[in-house]
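The block underneath contains the structure these notes are about, expressed in structure tokens.
The values are calculated or read from the model by the stated rules, or taken from the named source; none is laboratory data. This structure is a prediction, so every number in the text was calculated from the model and none was measured. Glycine gets a Cβ as well: all are built from the backbone with ideal geometry, and neighbour counts include every protein chain shown. Note: areas computed on protein heavy atoms with side chains; ligands, DNA, RNA excluded. Shrake-Rupley method; radii C 1.70, N 1.55, O 1.52, S 1.80 Å.
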Amino acid sequence: MGSVLGAGATFFTQMILARNLGPADYGAFAAVLAAVNLVAPLAGFGIAGFWLKVFGKEGWGGLRWVRPSLTFSLVSTLGATMLILGWAFLGPHNDASTQMFVTLSFCVAGQAVLEINSARLQLEEQYARLAVWQFTPHALRLASVGVFALYFGSALSATAVATAYTLVAVVLVALGAVPLTRMVRGDFALKGHGERPRGNVASDSAECGIAKVFREAWPFGLAGAFYFIYFQSDIVLLKYLAGDEEAGLYNVAFLIMAALYLFPSVIYQKYLLPKIHRWANHDLPMLRQVYIRGNRIMAVIGLAAMVAVMIVGPYAIPHLFGAAFAKSSGPLQILAFAIPVRFVATSVGAMLVTQDNMRKKVGYMGAVGVINVILNLILIPHYSALGAAIATVASEAILLSIYWLSVRRFVFTKD
């Protein structure tokens, strides 16, 4: 329910933007936001995923990693922000794009706090609060964009929208800082590992310095970065290779796909992931059962969603986003073929975050990310948004094939 509400809020937010900005300005904003999202995983750089792994393995002993992890997150967030600011002034941008990059650079801090607090709530298995927390940025963006659209009317600019997004990031940082501070002091209700032992279980946190945190967390950080490369680099490359309007047309199709992809992501990345780490260490038969059933369920739901998108999409887009975005149905028809592939890949790939397999998964994602960029560079100059859609479907199919072979070889070696 939380993912559906979040997807709905995001959908209506983008619909307001598309109708008020038009394809060119909407494409410019979407491309800048996508570029910021490519850098955002460097903020925190895998701390959220690392926490799920280390607490699944060490139980309450994982508290020793909290303080150095947050220090590392602060440093990496500052570094990611500086990268965005550097690109803002050195990249081939007009004044409006530069201003949007500068404004949206503050969003990386909000994203880092959002992810780390989500991991805390997952470990505590407070799924209702997790749903509210994950829905909060979507709701705030919808509210702020709606207010800005009413205030500015036809004069609404992409720069004003970037300001609205940044205000939401500031609110997230303010809301998320308090529970993380309490967690440093030991105010934490870990589930699945019994009662908290007596004494200071974080007493050896001095042995877990920033350098050691980086060595443990970097695979999760790179996984997030590579995910965005093959998932959102299309929009960025379209901006620079085909223009803002093509980026805007493609982003409408991408928005629908992103809303659908929330479903398997929430199931595996938010609900099951802490349990998957626990089963991988203590109950391998349960992990295998979840893997087999999960693949079947994801395949069926994915195929149903694909058919629905291919039938409804061409009629819905002009009515929801305006006649100017009717051409978005072309890329959407192609992207629809990636839906069942992504659903199953989420199920299969979740098995590779366990034990020492995360480094392998990062390597696979990096390789497919490179393939995706190469395909985009080849196809976009000739086919524009349609070429980006083809590159995405091909990349998704390649990644699923690699995941499936790797799981059979390294996780369930007896199957």
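Note on residue 374: accessible area approximately 90 square angstrom, rounded to 10, probe 1.4 Å, nucleic acids and ligands left out.
Send over a whole-number figure in Å² for the accessible area per residue of segment 287-369, probe 1.4 Å. Spell out each step's value before the answer.
Working: 3340 Å² over 83 residues.
With the other protein chains kept in place, segment 287-369 gives 40 Å² per residue.
A probe of 1.4 angstrom, applied to the heavy atoms of all protein chains, finds residue 75 with accessible area near 90 square angstrom. Dipole check for segment 87-184: with +1 at the C-beta of Lys and Arg, -1 at the C-beta of Asp and Glu, and the Cα centre as origin, the magnitude is about 140 Debye. Would you work out which of 358, 282, 48 lies farthest towards the positive end of the dipole of the chain? Charges go on Cβ: Lys and Arg +1, Asp and Glu -1. Of 358, 282, 48, it is 282. Straightening the chain between residue 265 and residue 412 buys 50.7 nm, computed as 0.36 nm per residue apart minus the Cα-Cα spacing.
Taking all Cα pairs closer than 8 Å and separated by 6 or more residues, the relative contact order of segment 315-415 comes to 37 percent. Ignoring everything but the protein chains, give the 1.4 Å probe accessible area of residue 58 in square angstrom, nearest 10. Approximately 70 Å² for this residue.
With both labels modelled 7 Å from their Cα along Cα-to-Cβ, the residue 57 to residue 155 distance reads 5.7 nm. Projecting the Cα atoms of 110, 35, 87 onto the charge dipole of segment 26-143, computed from C-beta unit charges around the Cα centre, puts 110 farthest toward the positive end. Nearest 10 degrees is fine. How inclined is helix 95-104 to the longest principal axis of the chain, computing both from alpha carbons? Approximately 20 degrees, to the nearest 10.
Kindly provide the helix-only [θ] at 222 nm of the chain, computed as the sum of -39,500 (n - 2.57) over DSSP H runs of four or more divided by all residues, to the nearest 500 deg cm²/dmol? Each step should come with its number before you reach the end.
Values: 14 runs with 330 residues, N = 415.
Value at 222 nm, helices only, nearest 500: -28000 deg cm²/dmol.
In order along segment 23-28, the Karplus-derived 3J(HN,Hα) couplings, from 6.51 cos²θ - 1.76 cosθ + 1.60 at θ = phi - 60°, round to x, 5, 5, 5, x, 4 Hz, and Gly and Pro are given as x.
Can you sort 102, 161 by solvent-accessible area, 1.4 Å probe, largest first?
On the way: 102 45, 161 0 Å².
Solvent-accessible surface, decreasing: 102, 161.
Hey, any idea what Rg/Rh is for the chain, computing Rh the Kirkwood way over Cα pairs? Please list the in-between numbers first.
Numbers: Rg = 21.0 Å, Rh = 21.9 Å.
Result for the chain is an Rg/Rh of 0.96.
Can you pull the percent of the chain's accessible area that's carbon plus sulfur, 1.4 Å probe, other chains left in place?
Working: 11770 of 17640 Å².
Result for the chain: 67 percent of the exposed heavy-atom area is carbon or sulfur.
Rank these by accessible area, largest first, 1.4 Å probe: 250, 364, 151. If you can, show how the numbers build up before the last one.
Values: 250 5, 364 50, 151 180 Å².
Sorted descending by solvent-accessible area, the residues read 151, 364, 250.
The phi-based Karplus calculation (6.51 cos²θ - 1.76 cosθ + 1.60; θ = phi - 60°) puts the 3J(HN,Hα) values of segment 149-166 at 5, 5, 6, 8, x, 5, 8, 4, 10, 5, 5, 5, 5, 4, 5, 4, 5, 5 Hz, whole numbers, x for Gly and Pro.
Using a simple charge model, +1 on the beta-carbon of Lys and Arg, -1 on the beta-carbon of Asp and Glu, nothing else, what dipole does the chain show about its Cα centre, in debye to the nearest 20? Don't skip to the answer; put the middle values down first.
Working: 30 positive and 19 negative charges, 264 e Å.
Computed about the Cα centre, the dipole is about 1260 debye.
Reducing segment 29-44 and segment 296-371 to their Cα centroids gives an inter-centroid distance of 20 Å.
Summed over the residues of segment 128-286 and divided among them, the accessible surface reaches 46 Å² per residue at a probe radius of 1.4 Å.
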